[in-house]
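Undergrad: Submitted below is the structure of interest, expressed as structure tokens.
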Amino acid sequence: MTTHVDVPDRKLAWRAHGTARRSTHVLRLRVSAALVSVTVLAVLLVPPLVQLDQQAVDLAVKLEPPSWAHPFGTDDVGRDLLLRCVYGLRVSLLVGVVAALTATVIGTAVGAAAGALGGRADRLVMRLVDTLSSVPHLLLGIFIVAMFRPGVWPVVISVALTHWLSTARIVRAEVLSLRSRPFVDAAVSGGASRWWVTVRHLLPGVLPQAGLAAVLMVPHAMWHESALSFLGLGLPTHTASLGTLIQGARGSLLAGQWWPTLFPGLFLILPTLAIAGLAGAWRERINPRRRSELML
């Protein structure tokens with residue numbers, strides 16, 4: 001015997017399901033915002049307020065487990081891991097933000113030019129993008145970093161030059177969509193030049209997508225920097241970044257000391273997840289269809 005659900009009951013079930021999804025979405029957004037706020041406050045306030053040298057060596061307390069004196073423990077030369085993690089997060093976040101902004105500017109310029117010019121220029125630019133995309137990011141980044149001495153700016157250049165390709169594709173697709181809009185046809189019919197149409201109508205239309213791409217690229221750039229530093233090709237070993245901290249803790253992990261690896265890893269994972277959560281909320285806001293699907 002088949003049981004039929006009444007239409008009002010079905011509507012109530014969908015409404016309850018939508019309410020639960022909305023509450024989960026709000027909770028995820030609040031947690032992400034709180035983690036990002038704590039991260040920003042930590043990297044801005046801890047270095048000037050805590051008058052301690054994060055490079056100070058004290059072999060008498062090396063590899064101490066977490067305690068009241070050292071909440072995250074100490075590393076293999078007695079340096080406080082909490083302070084080192086904050087400084088490492090500061091460097092990794094700086095590299096991620098600068099590299100993401102640089103890559104977004106490059107990708108937006110290339111994508112907008114390809115979409116606005118069209119024809120042979122568009123095909124040539126996109127073939128170049130496809131060719132560069134066929135090379136793994138990490139491999140290309142290693143090749144670029146290897147040409148410079150270890151430092152912050154070679155890593156920024158490496159990440160920026162390997163991460164603008166996806167932004168170029170997104171911006172080009174958005175420009176091609178905007179070119180078919182009536183207001184662009186009206187501007188062209190009114191005698192506006194291609195340059196004026198691009199600057200006045202096309203670029204403002206792609207800025208939300210480009211900004212979203214920049215935010216999403218920050219955690220990706222942080223992981224890329226950490227991978228290069230872990231391989232010994234990014235920042236110098238004496239510079240505190242999350243990648244160098246994890247790389248320097250490999251021997252301690254094999255000896256059974258887990259804290260020099262765990263806490264830098266958490267400082268890398270949690271902020272990147274929080275930034276990705278905020279970027280996801282932004283994507284739902286600028287994409288009404290996705291937002292309506294979420295509210296079902």
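Undergrad: Restricting to segment 68-93, count the residues that are touching a strand residue (DSSP E or B) at 6+ places or on another chain (Cβ under 9 Å) and surrounded by fewer than 16 Cβ atoms within 10 Å (Cβ to Cβ).
TA: Looking only at that region, the number is 2.
Undergrad: Go through segment 127-145 and give me each residue that's closer than 19 Å to residue 99 by Cα and of a type in the set (S, T, N, Q).
TA: Matches in segment 127-145: 133 only.
Undergrad: Also, I was wondering about something else. Scan segment 180-208 residue by residue and report those that are of a type outside the set (Asp, Glu), open to solvent by 70 Å² or more (accessible area, probe 1.4 Å) and part of a helix (DSSP H, G or I).
TA: Hits for segment 180-208 are 182, 183, 188, 189, 194, 195, 196, 200, 207.
Undergrad: Report yes if residue 98 is open to solvent by less than 70 Å² (accessible area, probe 1.4 Å) and either at pLDDT 75 or above or among the hydroxyl-bearing types (Ser, Thr, Tyr) (or both), otherwise no.
TA: In short, yes.
The values are calculated or read from the model by the stated rules, or taken from the named source; none is laboratory data. The structure displayed is predicted, hence computed values, not measured ones. With ideal geometry, Cβ positions are generated from the backbone for all residues, glycine too; neighbour counts draw on all protein chains shown. Accessible surface is based on the protein model in full, side chains and every heavy atom, while ligands, DNA and RNA are left aside. Shrake-Rupley method; radii C 1.70, N 1.55, O 1.52, S 1.80 Å.
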